[in-house]
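Here's the structure, in structure tokens; my notes come after.
The values are calculated or read from the model by the stated rules, or taken from the named source; none is laboratory data. Fair warning: this is a prediction, and the values are worked out from it, not measured in the lab. Positions of Cβ are backbone-derived with ideal geometry, glycine not excepted, and every protein chain shown enters the neighbour counts.
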Amino acid sequence: MPVQSTLGGRATSEQTTVGRLVDDYMFRHINLDVPDWYINPDHKALLGSAEGASICAATPLTYAPGLLDVLQADTPPSPNFFMTTPTVDGKSWAVYAALLTKDGCDPALYIGSGTDALCGHRKRVAVYHDKENRMLPCYVRALYDGGFDLAHVGLLCWAPIPSPEMVQRARLRFLAVEGTLTNLFFSVIPTCMDDFWADIVPWCREDVVWRSTNSHTALQEGVGDGLNLSEEQLRRREDDRKRRSKERSKKAYVKNTQAMRAQYDLERARDIDAFRLKKRIQAASWTAKNRPKAREGWARGKKKALAERRFYCETCQRVFADSSKLARHNKSTLHKNKSEGVPPTAKALERQAYSARVIADRTFHCAPCNQLFNCASRLEAHNSTRKHLDKHAAVIASQQIS
Ligand SMILES: [Zn+2]
Ligand SMILES: [Zn+2]
């Protein structure tokens with residue numbers, strides 16, 4: 001008899017029903033009388049044993065909305081169903097469906113699972129967004145090469161990452177669910193073995209309109225030798241794996257940084273002018289592509305420089321936001337006179353008084369940017385800056401909304 005998965009107290013009745021239905025199909029698959037190479041006997045041995053219930057309980061699956069209706073319908077869903085499958089934030093394991101499309105061609109369906117013990121499903125699912133990725137399944141890659149695009153990749157079901165001692169067993173359970181769903185939806189390519197399960201699935205291969213993209217069913221796969229280890233051994237093994245993975249990425253990071261540093265020094269030593277020019281071009285192109293980020297960075301830098309008084313004129317006791325403003329100030333008559341002890345002229349005093357007055361009166365104030373200027377020409381120059389125009393447009397837009 002099928003072992004039912006435990007779905008937890010929060011599960012709705014729809015979730016319970018779809019969970020039972022999928023488990024029922026899963027157990028019908030793993031109980032098939034087929035060669036061991038076609039359906040790994042570990043599935044039957046473990047999931048079908050008394051332990052099966054606890055393995056299923058370790059992976060309380062949540063199913064995609066609408067999956068129950070789909071599985072209970074007389075005919076397979078339209079490909080649009082696979083456009084509605086959700087993405088799930090946070091770390092979880094999942095069985096996902098990727099729909100690939102190309103104008104004038106039938107769409108293609110791939111079903112897979114992501115069960116990384118550390119990162120969950122996200123790294124696996126991200127592979128489909130990169131047409132050059134080495135980890136793409138072979139038929140998906142071939143379709144990408146033939147002009148197909150990813151229309152959507154979403155989840156059919158998911159569960160929290162299991163505890164280290166349950167990882168291997170839970171992975172077996174995921175493979176079984178994945179294999180069951182690849183057969184139910186005929187995302188697996190046709191083979192002579194179809195006859196073994198054609199009678200237990202609800203639809204016929206001829207009824208589906210998408211191309212099959214899975215090269216084999218996940219039911220063929222096993223999870224290696226981990227099933228015979230004790231819980232303690234499994235936990236230790238998983239801890240080891242985590243530690244090694246951390247060490248590896250740390251080493252790679254250090255190596256990368258060192259290599260980059262060496263390359264940087266080499267280029268610099270070879271031709272300092274060319275190097276500086278290259279860096280300036282790189283910076284300018286980055287800024288052009290990341291205007292808002294760059295602006296934020298500048299504002300932060302200015303604020304910090306002001307707070308730390310990095311660009312400070314001792315003589316005039318004034319702080320500046322950046323080196324160019326300080327340099328301009330150092331060239332000014334005001335600064336030169338002060339440092340040489342020349343008393344300010346009547347005209348200079350008059351200008352200073354004027355500046356102080358218009359600042360106090362907020363005569364030249366830009367409301368959208370909340371910025372003060374000490375003369376009309378500065379305000380006018382400001383009014384034609386991109387920053388001001390963006391702010392101004394944002395204010396008008398918000399007024400139109402409200
Ligand atoms: Zn000065
Ligand atoms: Zn402004």
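Ala356 - would you say it is of a type in the set (A, V, I, L, M) and surrounded by fewer than 12 Cβ atoms within 10 Å (Cβ to Cβ)?
On the way: of a type in the set (A, V, I, L, M): yes; surrounded by fewer than 12 Cβ atoms within 10 Å (Cβ to Cβ): yes.
When the stated conditions are applied, Ala356 passes them.
Can you give me the ranges of the helices (runs of 4 or more DSSP H) entirely in the range 106-208 with at least 3 residues that are within 21 Å of Leu71 (Cα to Cα)?
Details: elements: 122-126, 138-145, 167-184, 194-197.
The helices (runs of 4 or more DSSP H) meeting that bar are 167-184, 194-197.
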>> I'd like the residue in the range 23-46 that is under 23 Å from Asp195 (Cβ atoms) and hydrophobic (A, V, I, L, M, F, W, C) and, out of all such residues, is surrounded by the most Cβ atoms within 10 Å (Cβ to Cβ).
In response: Met26
>> If a residue must be closer than 20 Å to Asp390 by Cα and not small (Gly, Ala, Ser), how many such residues does the range 267-297 contain?
In response: 9
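Let's see how each residue does on (1) in contact with an Asp or Glu (Cβ under 8 Å, 6 or more places away or on another chain); (2) over 27 Å from Thr62 (Cβ atoms); (3) among the aliphatic types (A, V, I, L, M):
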{"residue": "Gly120", "(1), (2), (3)": "no, no, no"}
{"residue": "Ala126", "(1), (2), (3)": "no, no, yes"}
{"residue": "Ala176", "(1), (2), (3)": "no, no, yes"}
{"residue": "Val188", "(1), (2), (3)": "no, no, yes"}
{"residue": "Asp195", "(1), (2), (3)": "no, yes, no"}
{"residue": "Asp199", "(1), (2), (3)": "no, yes, no"}
{"residue": "Arg205", "(1), (2), (3)": "yes, yes, no"}
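Let's see how each residue does on (1) in a helix (DSSP H, G or I); (2) among the hydrophobic types (A, V, I, L, M, F, W, C); (3) touching a Gly at 6+ places or on another chain (Cβ under 8 Å); (4) farther than 22 Å from Ser323 by Cβ:
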{"position": "Asp239", "(1), (2), (3), (4)": "yes, no, no, yes"}
{"position": "Arg243", "(1), (2), (3), (4)": "yes, no, no, yes"}
{"position": "Val254", "(1), (2), (3), (4)": "yes, yes, no, yes"}
{"position": "Leu277", "(1), (2), (3), (4)": "yes, yes, no, no"}
{"position": "Ala283", "(1), (2), (3), (4)": "yes, yes, no, no"}
{"position": "Trp286", "(1), (2), (3), (4)": "yes, yes, no, no"}
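Tell me the residue from Tyr139, Tyr96 that is aromatic (Phe, Trp, Tyr), under 23 Å from Gln220 (Cα atoms) and in contact with a Gly (Cβ under 8 Å, 6 or more places away or on another chain), please. Working first, answer last.
Details: Tyr139 fails: in contact with a Gly (Cβ under 8 Å, 6 or more places away or on another chain).
The match here is Tyr96.
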> Counting only residues that are within 26 Å of Pro343 (Cβ to Cβ) and part of a helix (DSSP H, G or I), which one in the range 294-332 is nearest to the chain's Cα centre (by Cα)?
Replying inline: Lys325
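Could you check the range 1-103 for helices (runs of 4 or more DSSP H) lying wholly inside it with 1 or more residues that are modelled with pLDDT of 90 or more and out of contact with any Asp or Glu (no Cβ under 9 Å at 6 or more places or on another chain)? Don't jump to the end; show me each part of the working.
Working: elements: 13-30, 52-58, 67-72.
The helices (runs of 4 or more DSSP H) meeting that bar are 13-30, 67-72.
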> In the range 190-224, which residues are under 34 Å from the mean Cα position of the chain (by Cα), surrounded by fewer than 16 Cβ atoms within 10 Å (Cβ to Cβ) and among the aliphatic types (A, V, I, L, M)?
Replying inline: Val209
> Exactly one of (1) within 15 Å of ligand 2 (Cβ to nearest atom); (2) at positive phi is unmet by Ala394. Its number?
Replying inline: (2)
> Does Ala353 satisfy being away from ligand 1 (no atom under 13 Å from the Cβ) and free of Cβ contacts under 8 Å to residues at least 12 places away in the same chain?
Replying inline: yes
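Somewhere in the range 113-133, is a residue of a type in the set (Val, Ile, Thr) and within 27 Å of Arg20 (Cβ to Cβ)?
yes
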>> Go through (1) part of a helix (DSSP H, G or I); (2) in contact with a Leu (Cβ under 7 Å, 6 or more places away or on another chain) for His365 and report which single condition fails.
In response: (1)
> Of the residues Lys304, Lys338, Lys387, Lys391, which is surrounded by 11 or more Cβ atoms within 10 Å (Cβ to Cβ) and within 16 Å of ligand 1 (Cβ to nearest atom)?
Replying inline: Lys338
